[in-house]
Every structure is written in C-alpha cells, then in structure tokens.
Amino acid sequence: MKKWMRANKGFLLFLMLFGIFRTAVADWNPIPSSSMHPNLLEGDVVFVNRLAYNLKVPLTDIVIHPTGEPQRGDIVTFSSPVNGTRLIKRVIALPGDRVEMRNDELIINGQAAAYTALGHGVESIQGVGDLAAVQVSEAVGQSRHAIQFLPQIKARRDFAALVVPPGEYMMLGDNRDNSADSRYIGLVPRALLIGRAERVLASADITGNWMPRAERFGMSLYPKQ
C-alpha cells in the first residue's frame with residue numbers, strides 16, 4: 001500500500017486539492033426535483049460559487065470570514081436546518097424583514113409583491129399526473145423572477161407575519177406550491193449557506209429521454225430585467 005501511495009502521490013495530491021477546491025471555492029449542484037420550476041429543471045447542473053457569502057473551513061460549516069451578503073432574489077444552495085440535506089431555493093426575506101404570505105402572495109415590510117401573468121405550463125407529479133401550472137413574474141423590491149403556482153394541489157399558501165432574526169434567511173422555491181422550503185423547514189442560519197448558484201453548466205432531460213438540453217448550457221440564472 002505504501003509503495004502504491006508513493007507511486008501515485010501526484011494523483012493523490014490532485015484529488016486532495018480538487019476536494020478542497022470543491023468544498024471551499026466552487027462546486028456544481030445537480031437539480032433532482034421540480035421545486036425550482038420554471039427556472040431550474042430536473043437534470044440541470046448548476047455552478048455554485050462557494051465564496052459568494054462565506055469562507056469556510058473545508059468540509060465544515062465553520063465560517064472563517066464573511067465574503068459577501070446574500071441578496072433578495074439570490075438562488076442559494078444550503079444545508080437543511082432539519083436534517084442537513086443539501087437544498088437549493090431562492091432568498092426571499094433578509095434579516096430584519098417582516099414577511100407574511102396570504103393566499104400565495106408575499107408581503108414584505110408592508111409592501112405586497114407585484115405579480116404579472118406569464119402563461120401556463122404543465123407539471124407532472126408522480127402519483128397524480130399532469131397538472132396545469134400558472135406561471136407569473138413576482139417582483140419584490142428590486143428582485144423580479146418567474147415563479148409558478150399549482151392551484152389544484154394542497155399547499156401551504158399562508159403564514160402569519162414574522163420578523164426574520166439577525167443572521168437568518170427565508171428561502172422559498174420558485175415552484176411555490178410544490179417546494180419543501182422555509183414554510184416547512186424553518187429559517188436558514190447564515191452558517192448553513194453553501195454558496196450562490198450562478199448559471200447552468202449542463203442539462204439533460206432526466207425525466208424523459210435523457211437527451212442533452214443544449215439550449216440551457218451556460219444559461220445565467222439571473223437574466224437581465
């Protein structure tokens with residue numbers, strides 16, 4: 001074993017440095033579910049900037065130094081405060097914000113979000129079938145992005161007003177009625193943030209024919225408004 005390690009020390013060093021790079025600098029994140037429809041699709045692989053918010057000790061949630069502040073509208077990967085599962089959602093409310101939801105509509109700091117119809121889509125849910133999805137643009141302050149609703153299914157469409165404590169964030173999925181987000185897992189402490197998702201690196205239709213979706217390669221997650 002020692003002989004093999006000596007003979008392959010260059011390769012082992014590469015693996016170690018590559019692991020540190022992935023856990024401290026940049027990473028990629030496959031999208032396994034529909035919780036960020038219509039913006040992220042199952043089979044997308046997104047590039048994640050791990051230095052966007054925090055410099056951490058590799059392989060831990062120990063923050064060495066903050067490097068930036070999460071902004072409303074950022075798409076963020078983070079560890080679930082419930083079970084540590086890696087999730088990807090959108091930052092909706094920041095520390096100090098007063099936020100509530102009434103019948104799927106957000107109100108932040110007393111200002112109701114503005115909604116503009118975009119069209120319709122189809123959402124396939126296992127055990128249920130194809131459902132009609134209503135797609136709209138949601139504008140909260142300077143943040144504007146597409147989301148969708150599924151009026152036919154039971155979902156948590158209301159919550160009472162709360163003030164986000166210091167160092168915590170409210171995360172919601174863009175597929176608003178089909179996402180296990182802060183309405184279910186609670187607010188997310190800053191130390192659990194992994195990084196900011198920047199763009200789609202590659203994509204394949206994993207729920208269909210597995211063909212590449214070349215039109216999504218390199219696509220920015222923050223199109224110009």
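Can you say whether M219 is over 15 Å from the mean Cα position of the chain (by Cα) and surrounded by fewer than 15 Cβ atoms within 10 Å (Cβ to Cβ), as far as the supplied structure shows? Break it down into steps so the answer makes sense when it comes.
Working: over 15 Å from the mean Cα position of the chain (by Cα): yes; surrounded by fewer than 15 Cβ atoms within 10 Å (Cβ to Cβ): no.
It is false that M219 is over 15 Å from the mean Cα position of the chain (by Cα) and surrounded by fewer than 15 Cβ atoms within 10 Å (Cβ to Cβ).
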Item checked: Qualifying positions in the stretch 195-216 - at pLDDT below 95, of a type in the set (A, V, I, L, M, F, W, C) and either loosely packed, with under 14 Cβ neighbours inside 10 Å or closer than 13 Å to S80 by Cα (or both) -> W210
Margin query: Among the residues in the stretch 209-224, are any free of Cβ contacts under 8 Å to residues at least 24 places away in the same chain and among the charged types (D, E, K, R)?
Written below: yes
Checklist line | Only listed residue being within 16 Å of N175 (Cβ to Cβ) and either in contact with a strand residue (DSSP E or B) (Cβ under 8 Å, 6 or more places away or on another chain) or in contact (Cβ under 8 Å) with a residue 40 or more places away in the chain (or both), chosen from I108, I64, I75 | finding: I75
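From the residues in the stretch 176-194 that are outside any helix (DSSP H, G or I) and among the polar types (S, T, N, Q), which one is surrounded by the most Cβ atoms within 10 Å (Cβ to Cβ)?
S179
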Check: Just a yes or no: is a residue in the stretch 56-68 crowded, with 18+ Cβ neighbours inside 10 Å and either touching a Pro at 6+ places or on another chain (Cβ under 6 Å) or of a type in the set (A, V, I, L, M) (or both)?
Finding: no
Checklist line | Scope the stretch 111-123; condition part of a strand (DSSP E or B), closer than 20 Å to L172 by Cα and touching an Asp or Glu at 6+ places or on another chain (Cβ under 9 Å); matching residues | finding: A112, A114, Y115, T116, E123
Next item on the list: Kindly indicate whether L172 is crowded, with 20+ Cβ neighbours inside 10 Å and either without any contact (Cβ under 8 Å) to a residue 40 or more places away in the chain or among the small types (G, A, S) (or both).
Entry: no
Notebook entry, point to check: Would a scan of the stretch 129-138 turn up a residue that is surrounded by 15 or more Cβ atoms within 10 Å (Cβ to Cβ) and more than 21 Å from the chain's Cα centre (by Cα)?
Noted result: yes
Next item on the list: Just give me the residues in the stretch 98-110 being within 19 Å of D177 (Cβ to Cβ) and in a loop (DSSP other than H, G, I, E, B), in sequence order.
Entry: N103, D104
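Going by what's in this entry, would A160 be described as under 18 Å from R86 (Cβ atoms) and either part of a strand (DSSP E or B) or touching a strand residue (DSSP E or B) at 6+ places or on another chain (Cβ under 7 Å) (or both)?
So A160 fails the test.
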Notebook entry, point to check: Within the bounds of the stretch 138-149, is there any residue that is under 20 Å from P223 (Cα atoms) and part of a loop (DSSP other than H, G, I, E, B)?
Noted result: yes
Check: Of the residues P165, P95, which single one is in a loop (DSSP other than H, G, I, E, B) and in contact with a Pro (Cβ under 6 Å, 6 or more places away or on another chain)?
Finding: P95
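The values are calculated or read from the model by the stated rules, or taken from the named source; none is laboratory data. Computed from a predicted structure; not experimentally measured. So basically every Cβ, Gly included, is an ideal-geometry build from the backbone, and we count neighbours across all protein chains shown.
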